1. Which one is nearest to the chain's Cα centre (by Cα), of the residues in segment 162-191 that are exposed (fewer than 12 other Cβ atoms within 10 Å of the Cβ) and modelled with pLDDT of 90 or more?
2. Which of the numbered conditions does PHE150 fail, given that it passes all the others? Conditions: (1) of a type outside the set (D, E, K, R); (2) at pLDDT 85 or above; (3) over 30 Å from VAL53 (Cα atoms); (4) assigned to a helix (DSSP H, G or I).
3. Quick check on LEU252: is it of a type outside the set (Ser, Thr, Tyr), touching an Asp or Glu at 6+ places or on another chain (Cβ under 8 Å) and closer than 30 Å to ARG136 by Cα?
4. Across segment 258-289, what is the total count of residues that are more than 17 Å from ARG321 (Cβ to Cβ) and either assigned to a helix (DSSP H, G or I) or in contact with a His (Cβ under 6 Å, 6 or more places away or on another chain) (or both)?
5. For the structure I just gave you, tell me whether VAL102 is open to solvent by less than 80 Å² (accessible area, probe 1.4 Å) and over 25 Å from the mean Cα position of the chain (by Cα).
6. Please pick out the residue among ARG273, ARG321, ARG287 that is within 19 Å of LEU218 (Cα to Cα), touching a Phe, Trp or Tyr at 6+ places or on another chain (Cβ under 8 Å), of a type outside the set (S, T, N, Q) and surrounded by fewer than 20 Cβ atoms within 10 Å (Cβ to Cβ).
7. Which of the residues that make up segment 42-62 are over 22 Å from PRO79 (Cβ atoms) and without any contact (Cβ under 8 Å) to a residue 24 or more places away in the chain?
8. Checking ASP174 against (1) in a loop (DSSP other than H, G, I, E, B); (2) acidic (Asp, Glu); (3) in contact with a helix residue (DSSP H, G or I) (Cβ under 6 Å, 6 or more places away or on another chain), which single condition isn't satisfied?
Amino acid sequence: MKTIPQLPVIGMDIAKNVFQIHAVDPETGEIERIKLKRVKVAEFFANRQRSLVAIEACGGAHHWARTLSAHGHQVKLLPAKHVKAFVLRDKTDARDAQAIWVAAQQPHIREVPVKSEQQQACLALHRMRAQLMKVRIMQTNALRGLLYEFGIALPEGHRILLQRVNEELARAEDKLPGVVTQSVLEQLARVDQLQEDIDRIDKRLAALGKQNQQMLALQTVPGIGPLTATALVSSAANINTFDTGRQFAAWLGLTPRQTGTGGKIRQLGLSKRGDAYVRTLLMHGARAVIARSVQSAWVQSLLARRPYNVVVAALANKLARTAWAVLTKGKAFDQAKWSRVEVATL
């Protein structure tokens with residue numbers, strides 16, 4: 001029986017300008033510690049024998065993974081929190097590279113799939129949109145607080161605030177200083193501009209969702225729209241790395257944490273590990289399904305015996321498992337099967 005030769009392992013700590021390399025010669029045991037300028041990294045690996053290059057999954061890691069793969073190397077991205085456990089004593093770039101080298105050889109550490117440029121572009125749009133949403137909320141909350149100082153109480157919520165604010169300003173025209181009214185109108189114009197920017201990104205994401213078959217398939221699942229579909233497919237770069245739907249749900253932090261001793265295991269609240277943004281989208285989708293599923297026996301049964309937020313988390317877990325099934329099996333979503341599962345889980 002032939003044995004497959006093992007590739008030499010290289011640990012690389014990436015940075016903005018200076019990269020640190022850690023490698024051990026498999027024959028002599030000689031340790032290599034090399035510092036490289038950013039512009040020399042590609043040239044270094046182009047002249048290096050094929051190796052397993054381990055990189056911490058951080059900013060720029062996916063770009064370098066694609067670059068080194070093009071030079072024939074096998075790249076392994078490692079979660080940063082798992083690498084941290086192997087850093088000994090004081091933290092330096094050299095020790096970080098050594099810790100990456102050690103962590104790369106641990107079989108229990110699951111590697112991070114390398115994202116394509118299209119997946120990263122899609123996630124970049126999501127990050128921009130999330131930032132714009134955050135700024136918009138800050139602007140409207142500031143307006144609500146400032147006008148409250150002059151006796152104008154505006155309701156919570158972005159849409160209803162914009163519907164009521166002009167009416168309230170007109171009523172308080174006599175008691176509200178003119179400079180404040182003018183500044184509030186200018187801030188409302190900024191909020192409108194932010195909303196236009198958000199709408200443009202939404203259209204781009206919707207267009208991306210129509211160009212990808214996996215994203216289109218996910219949008220047939222109740223509670224999953226263009227935002228959730230594009231975020232799910234782009235975040236889970238290789239869905240086949242998950243053996244079951246439960247693994248996928250656990251990766252998103254939608255399964256309970258466990259603690260145990262003496263043979264007794266207790267289940268706690270949601271682990272909330274993984275991508276908080278994608279998990280939040282699934283939670284919102286679950287709330288939408290619950291709000292529109294008045295006749296759903298499964299949802300009604302859960303609501304009768306469990307708190308509302310627990311039902312939302314349970315349905316978000318179910319959405320994640322359904323998404324995994326649709327993506328891995330390559331079959332269209334079956335509404336009849338979904339309904340049968342709801343009845344069977346009573």
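The values are calculated or read from the model by the stated rules, or taken from the named source; none is laboratory data. Because the structure is a prediction, the values reported are computed rather than measured. Cβ: placed from backbone, ideal geometry, glycine included. Neighbour counts: every protein chain shown. In case anyone asks, the SASA skips ligands and DNA or RNA and just uses the protein heavy atoms, side chains included. Shrake-Rupley method; radii C 1.70, N 1.55, O 1.52, S 1.80 Å.
1. Checked segment 162-191; the qualifying residue nearest to the chain's Cα centre (by Cα) is ALA189.
2. (4)
3. Working: of a type outside the set (Ser, Thr, Tyr): yes; touching an Asp or Glu at 6+ places or on another chain (Cβ under 8 Å): yes; closer than 30 Å to ARG136 by Cα: yes.
For LEU252, the condition - of a type outside the set (Ser, Thr, Tyr), touching an Asp or Glu at 6+ places or on another chain (Cβ under 8 Å) and closer than 30 Å to ARG136 by Cα - is met.
4. Let us first name the residues in segment 258-289 that are more than 17 Å from ARG321 (Cβ to Cβ), namely 258-269, 272, 276-277, 280, 284, 287-288.
If we keep only those that are either assigned to a helix (DSSP H, G or I) or in contact with a His (Cβ under 6 Å, 6 or more places away or on another chain) (or both) as well, we get 276-277, 280, 284, 287-288.
Result for segment 258-289: 6.
5. Values: open to solvent by less than 80 Å² (accessible area, probe 1.4 Å): yes; over 25 Å from the mean Cα position of the chain (by Cα): yes.
It is true that VAL102 is open to solvent by less than 80 Å² (accessible area, probe 1.4 Å) and over 25 Å from the mean Cα position of the chain (by Cα).
6. Values: ARG273 fails: within 19 Å of LEU218 (Cα to Cα); ARG287 fails: touching a Phe, Trp or Tyr at 6+ places or on another chain (Cβ under 8 Å).
Among ARG273, ARG321, ARG287, only ARG321 is within 19 Å of LEU218 (Cα to Cα), touching a Phe, Trp or Tyr at 6+ places or on another chain (Cβ under 8 Å), of a type outside the set (S, T, N, Q) and surrounded by fewer than 20 Cβ atoms within 10 Å (Cβ to Cβ).
7. Let us first name the residues in segment 42-62 that are over 22 Å from PRO79 (Cβ atoms), namely 42-50.
GLU43, PHE44, ASN47 - these are the residues of segment 42-62 that are over 22 Å from PRO79 (Cβ atoms) and without any contact (Cβ under 8 Å) to a residue 24 or more places away in the chain.
8. (3)
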